[in-house]
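Encoded as structure tokens, the structure appears first; notes follow it.
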Ligand code: ADE
């Protein structure tokens, strides 16, 4: 059972999957190592991830380890239809690009109708749907992204988490690389593909200075943009200041920026009142998981006209005839207007997902209804596999150094 845009695209999807796999050596190496024992035999996995060529490599690893998989997309606009078609030849797939909110929810329900015993999610929509559905039969799950972990910790705090969850996002081998270098590169990739404009000399305002904001700001600076940061957390704001960025509040930034990129995971960080203050021609793009960061509703409710001027770029005419441009409808720009993170960074995130699924199957009986981190030894294993895949060799501590590191007398 399956529903994708066009099953005829599967040959192209397979080519993209093969390209990703060739650049995800860490994941494929771990998958090969673990899969000999079929550690996921008997597991029915409900998966809600952006359906990309990189996700196809993870699904391949999960199937190879013996799991049965039902997959839906993690955003109505992020599915790569060719990859969905390819995956539909191997697993149950409920994903196509350009879904309505209703269709998106329908796909989540289809995944739950598969009667999964474990979940893999990005953004926690599937976890939340499972909880509304009373989460029967589900013994554990994992979560890919900051926003999803926030929602799951809220469930845990209220004592309502129905099964143990591994917060893959909180692994260093995930957020230090995926959130920073992955989103840093792919968000600019999406904005550049959509707008085809020069970043050098452009005033870019990055809203939020977590790992994603840091990555976006660093990469924009590297492309020659003049970068300002808006951040309400004093420690992060101080960090941005000492990293050499101009730091201001949204009001101040609104009047001076050309391109605004949100990366906070919060609601309405660019409210309509700020958009109204922006210069004619300002561009708005979002790097966060949900389309809540830019006040798109407020913007459209005041609009005198809206038209698509390029794929993924809507021109919005404001009262007074000023124009602003919205990239990807305010949804996650790297996946809507580009292909998401590159495979060589997703290999680490998805190696963590793969190992989390195995750990949950093996250990769920010993785990509580809590949000768990990723153990240091798994971090080491993933980092070593990634280094090997990149041809980087490192040394090791001597016995003498190990002893010195543990002593207080010396
Ligand atoms: N999230 C960001 N980039 C991604 C990708 N390439 N595949 C799956 N999920 C992603």
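Test each condition in (1) more than 16 Å from the ligand (Cβ to nearest atom); (2) in contact (Cβ under 8 Å) with a residue 40 or more places away in the chain; (3) outside any strand (DSSP E or B); (4) under 19 Å from the mean Cα position of the chain (by Cα) for residue 173 and report the one that comes out false.
Result: residue 173 fails condition (1) only.
Got a sec? Which of 57, 69, 111 is more than 29 Å from residue 365 (Cβ to Cβ), crowded, with 24+ Cβ neighbours inside 10 Å and in contact with a helix residue (DSSP H, G or I) (Cβ under 7 Å, 6 or more places away or on another chain)?
Exactly one of 57, 69, 111 is more than 29 Å from residue 365 (Cβ to Cβ), crowded, with 24+ Cβ neighbours inside 10 Å and in contact with a helix residue (DSSP H, G or I) (Cβ under 7 Å, 6 or more places away or on another chain), namely 57.
Which one of these does residue 353 not meet: (1) closer than 30 Å to residue 29 by Cα; (2) surrounded by 24 or more Cβ atoms within 10 Å (Cβ to Cβ); (3) more than 16 Å from the ligand (Cβ to nearest atom)?
(3)
If you take the residues in the stretch 297-315 that are more than 17 Å from residue 187 (Cβ to Cβ) and buried (at least 21 other Cβ atoms within 10 Å of the Cβ), which one is nearest to the chain's Cα centre (by Cα)?
Only one residue tops the list, namely 314.
What residue, among those in the stretch 334-346 that are within 18 Å of residue 56 (Cα to Cα) and outside any helix (DSSP H, G or I), is farthest from the ligand (Cβ to nearest atom)?
Here the answer is 338.
Filter the stretch 150-170 down to the residues that are touching a helix residue (DSSP H, G or I) at 6+ places or on another chain (Cβ under 9 Å) and not in a helix (DSSP H, G or I) and list them by number.
160, 161, 162, 163, 164, 165, 166, 167
Return yes or no: is residue 31 crowded, with 18+ Cβ neighbours inside 10 Å and under 23 Å from residue 364 (Cα atoms)?
Against the criterion (crowded, with 18+ Cβ neighbours inside 10 Å and under 23 Å from residue 364 (Cα atoms)), residue 31 qualifies.
Conditions first: (1) surrounded by 21 or more Cβ atoms within 10 Å (Cβ to Cβ); (2) more than 30 Å from residue 172 (Cα to Cα). Residue 293 passes all but one, so which condition is the exception?
(2)
The numbers here are math on the coordinates, done by the rules we state, and not lab data. All values reported here derive from a predicted model rather than from experimental measurement. All Cβ positions, even for glycine, are placed from backbone atoms using ideal geometry, and neighbour counts span all protein chains on display.
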